[in-house]
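Down below is the structure, laid out as structure tokens.
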Amino acid sequence: MRGLFFSVYFVFLSILAFSQKKVGVFYVSLRLEEPFVNDLYLANPSNGVQNRFSKTPVFPQYLLDTLNNEILRFASVISKGKSVYVPKVTAANDTIFTMSGGELEGFPRNSKKAALLSGNDEYLDIRFTLLARGGSEVNMSSGKPSKYKPSLLVSIAYYDKLGVQIKKHKFNFTEFKWKGEKRKSIYTKAVVDRRSGVLHPEDLYILLRCALEMTEEKIVGNE
């Protein structure tokens, strides 16, 4: 009897895994407004990855790897499916994270038409723009307010397997919500030497992670 139970349970899990829709994340845009990029220049993390053309210092690779995984988890939650990246067919260095025009490179930037060839059940286009103004004050590691009042623009579009748009979300967050903290603080323990008043990659990572959490809460909470 026990063996029969486990057999049925295994079959149930297999059917569940097989029936879970596959969601292709074909476009991810994480854009930082110019003041944030300027701070990255000033912070100049010694463990950062550099663009081989412009030598622009960007996020340390370990932060970007974590962010990469968090975006996939976020996509799975909001789409209620199993999310995978749809890489650029022509890109030789998709996994190299650099900074170009205020945008983090290395995430998928595919066209919808090309993405449809990957044979997924649904597709996602995810875009975040972090602005240096329009929001409320956040604290620096010194405890003093940052010179920026960050806000966030979000646009997420869902498409079916034929490329027809199913739905779209657009948000403008002017208040960052901090889980488990009363104080609005964006810094983590410093792993690089800090310069006063400058937002380091760790600080910007916290803002982006918070952006994912707020957006997820907004979407899931309204469904």
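Listing for the model above:
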{"quantity": "Residue match in region 2-22 (condition: at pLDDT 90 or above and within 18 Å of the chain's Cα centre (by Cα))", "calculated": "no"}
{"quantity": "Matching residues, region 147-164, being aromatic (Phe, Trp, Tyr) and free of Cβ contacts under 8 Å to residues at least 60 places away in the same chain", "calculated": "Tyr159"}
{"quantity": "Region 119-143 residues that are farther than 21 Å from Trp178 by Cα and modelled with pLDDT of 80 or more, paired with ones that are outside any strand (DSSP E or B) and small (Gly, Ala, Ser) (beta carbon under 7 Å, 6 or more apart)", "calculated": "Asp121/Gly81; Glu122/Ser79; Glu122/Gly81; Tyr123/Ala115; Leu124/Ala75; Leu124/Ser79; Ile126/Ala75"}
{"quantity": "Residue match in region 60-79 (condition: surrounded by fewer than 22 Cβ atoms within 10 Å (Cβ to Cβ), at pLDDT 80 or above and in a loop (DSSP other than H, G, I, E, B))", "calculated": "no"}
{"quantity": "Those residues of region 103-133 which are assigned to a helix (DSSP H, G or I) and of a type in the set (S, T, N, Q), in sequence order", "calculated": "Ser118"}
{"quantity": "Single match in Val192, Val154, Val220, Val164 (criterion: modelled with pLDDT under 85 and either under 23 Å from Arg133 (Cβ atoms) or of a type in the set (A, V, I, L, M, F, W, C) (or both))", "calculated": "Val192"}
{"quantity": "Breaking point among (1) in contact with a Lys or Arg (Cβ under 9 Å, 6 or more places away or on another chain); (2) at pLDDT 95 or above; (3) of a type in the set (Lys, Arg), for Arg109", "calculated": "(2)"}
{"quantity": "Filtered residues of region 115-156 (kept if surrounded by fewer than 14 Cβ atoms within 10 Å (Cβ to Cβ) and farther than 19 Å from Leu204 by Cα)", "calculated": "Leu117, Gly119"}
{"quantity": "Leu199, sole failed condition from (1) touching a Phe, Trp or Tyr at 6+ places or on another chain (Cβ under 8 Å); (2) at pLDDT below 90; (3) closer than 22 Å to Val25 by Cα", "calculated": "(3)"}
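The values are calculated or read from the model by the stated rules, or taken from the named source; none is laboratory data. This is a predicted model, so every value here is computed, not measured. In this analysis, Cβ positions are derived from the backbone assuming ideal geometry, glycine residues included, and neighbour counts consider all displayed protein chains.
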